[in-house]
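Single-structure report; data block below.
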Amino acid sequence: MSYERSVSAPEHDLQPETVWHLQMPQIRCGRDAVEELAFQLADLGVSADDDPHGLVVTDEDLVDIGHVGRVTDHLEDAGYNVTVWDGADREPTIENVDGCIEFVRENEGEDGYDFYVGFGGGSCIDVAKTTRAVIANGGQVLDYIAEPTGGGEALTDSGPPLVLMPTTAGTGAEISPVAILSVEEKEIKEGISSNHIRADAAVLDPTFTTTLPPEITAKSAMDALGHAIEGYTTHPFDGLLRASNPESRPVYAGRTELTEMFSEKAIELLSGNVRTAVHNGDNLEARAAMLKGALFGAIAGLTAGASLAHAMAYPVGNRYHTYHGETIAVLTPASTLGYNVASDPERFVEVANMLGADTDGMGTREAADQARQEFVRLQQDLNVIPSGLEELAGVTEEDIDWLATQTVETQQRLLRCNPRPVTKDDAADIFRDALHNWE
């Protein structure tokens, strides 16, 4: 075991990890699962007989198309009092979450609501997660952002029940122990990582995803595929250093046989159904498969650990305000499926085969490279994914030094999960490679 190349909790023993840990919210998944939302709340101890008051955190678009009304009607019919806050931004900032927290305190005081429902894409969900956590623990968002940006305080209380309902098949935020927020003045994104920010339950209903336009369907799917592939190719849990105590074990803790099974099924479901979901969005069977694939990819990647592509995506998203999924899409070929292949070519041959490549008769390294080719072919078939960073956001050679610096200086939380060490020069070369994935 090469300790200098191992990732671990900040406090650790110089011995391999021997214990892995899996924590998940309660999960309900299937067509019309929204009709079990009230039952889910009751199962979490929130009885309608006690006249509870809950907050639905969402965005204006979901209100306008009627999805939010479907949720609130169901809850009100079951006897729950609900208020809607629809101010979540596409890429939520700390100030955006502060607005939600202020709304809660003005309407319900320091104790907040009796329950919370986060409804929407990853942005709405992260706002809901952070709001519930800060209300429960006191103070402000920045208190819980890592130093030096924030105070680095630890969350100690999960707060009242939180149920998350995704309307996209991509981010996996509904089961993640991390909330990602933009810090605009520093052009960076910061995460609050804690099992206290994780939801109590997730309700996944594919009928809410059929209104997604093709481009959002494709881009969110690329994020989900990124989770699955990164989780499948990161360090094994026993290749990491043992945490000095269970509390300091990182939430991204390396792959296990269980996470590998979820990765494999996620890659199968996502790569096998995304073309149908993009080109025939009313196909509920494909939509349901995509939602399950995104869930499985999150269980894998957001337990084992997202890595290089995600680390590089945050500086890009902050500076150019790109959608997270499309940013992952254009970076994955050069990073996860390019640079990282050298860490374990045989494992990437398995990825290539899962993506549908025909590797018969090829040597290991040649076969491993087919994973990148097959991933790019999939994106081309979808016909809505940018061909690289230049088409995505006008990134040029002059931008690469800043992006590489930001990656290695602000994203160590993710780079420590990467199966291959990354220097600033390495990051620059990968960004350069990602300018054009195809002509």
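The table below lists the values:
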| item | result |
| --- | --- |
| Helix axis angle, 122-137 relative to the chain longest principal axis, alpha carbon, degrees | 60 |
| Ellipticity estimate at 222 nm from DSSP helix runs (n ≥ 4, -39,500 (n - 2.57)) divided over the chain, nearest 500 | -14500 deg cm²/dmol |
| Total formal charge among the other residues, if their Cβ is under 13 angstrom from that of Phe348, Lys/Arg +1 and Asp/Glu -1 | -3 |
| Extension gain from Gln380 to Asn81, taking 0.36 nm per residue of separation minus the Cα-Cα distance | 103.0 nm |
| Exceeding the 24 Å Cα-Cα cut-off - candidates Lys265/Lys424; Lys129/Lys292; Lys129/Lys189; Lys189/Lys219; Lys219/Lys292 | Lys265/Lys424 |
| Residue among Thr396, Thr58, Thr336 with the largest mean-square fluctuation in a Gaussian network model of the chain, springs linking Cα atoms under 10 Å | Thr396 |
| Segment 316-439: C-alpha gyration tensor shape, a/c 1.5 cut-off, then a/b vs b/c | oblate |
| Rel. contact order, % - alpha carbon contacts under 8 angstrom, at least six apart, segment 212-433 | 25 |
| Kirkwood hydrodynamic radius of segment 43-180, from inverse mean 1/r over distinct Cα pairs, in Å | 15.1 |
| Nitroxide proxy distance, nm - points 7 Å out along Cα→Cβ at Met261 and Glu36 | 2.0 |
| Computed lengthening from His74 to Gln140, 0.36 nm per intervening residue step minus Cα-Cα distance | 20.5 nm |
| Prolate/oblate/rounded label for segment 35-117 (Cα gyration tensor, a/c 1.5) | oblate |
| Prolate/oblate/rounded call for segment 244-367, Cα gyration tensor, a/c under 1.5 rounded | rounded |
| Added length on full extension, which subtracts the Cα-Cα distance from 0.36 nm per residue, Glu110 to Glu60 | 15.4 nm |
| Share of alpha-carbon pairs per 20 Å distance bin for the chain, given as whole % | 27, 60, 13, 0 |
| Sum of side-chain charges, Gln40 neighbourhood, beta-carbon under 12 Å (Lys, Arg +1; Asp, Glu -1) | -4 |
| Among Asn340, Asn273, Asn353: highest mean-square fluctuation, GNM of the chain, C-alpha pairs under 10 Å | Asn353 |
| Environment charge at Lys189 (Cβ cut-off 12 Å; Lys +1, Arg +1, Asp -1, Glu -1) | -2 |
| Angle between the chain longest axis and helix 257-279 axis [Cα atoms, degrees, rounded to 10] | 80 |
| Separation in nanometres of the label points that stand 7 Å from Cα toward Cβ, at Ser387 and Asp89 | 3.2 |
| Candidates His227, His279, His324: whichever shows maximal mean-square fluctuation once the chain is modelled as a Gaussian network with Cα springs under 10 Å | His279 |
| Sparse-neighbourhood loop sites, trypsin sites (Lys or Arg not before Pro) in segment 1-102 - DSSP loop, at most 12 other Cβ within 10 angstrom | none |
| Rounded tilt (10° steps) of 94-108 against the dominant C-alpha axis of the chain | 20 |
| Distance between modelled label sites at Thr405 and Asp43, nm, 7 Å Cα→Cβ extension | 5.1 |
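Taken together, the values in this text are just the output of simple stated rules run on the coordinates, not laboratory data. Model, not experiment: these values are computed from the prediction. A quick note on method: Cβ atoms are made from the backbone with ideal geometry, for glycine too, and the neighbour counts reach across all protein chains shown.
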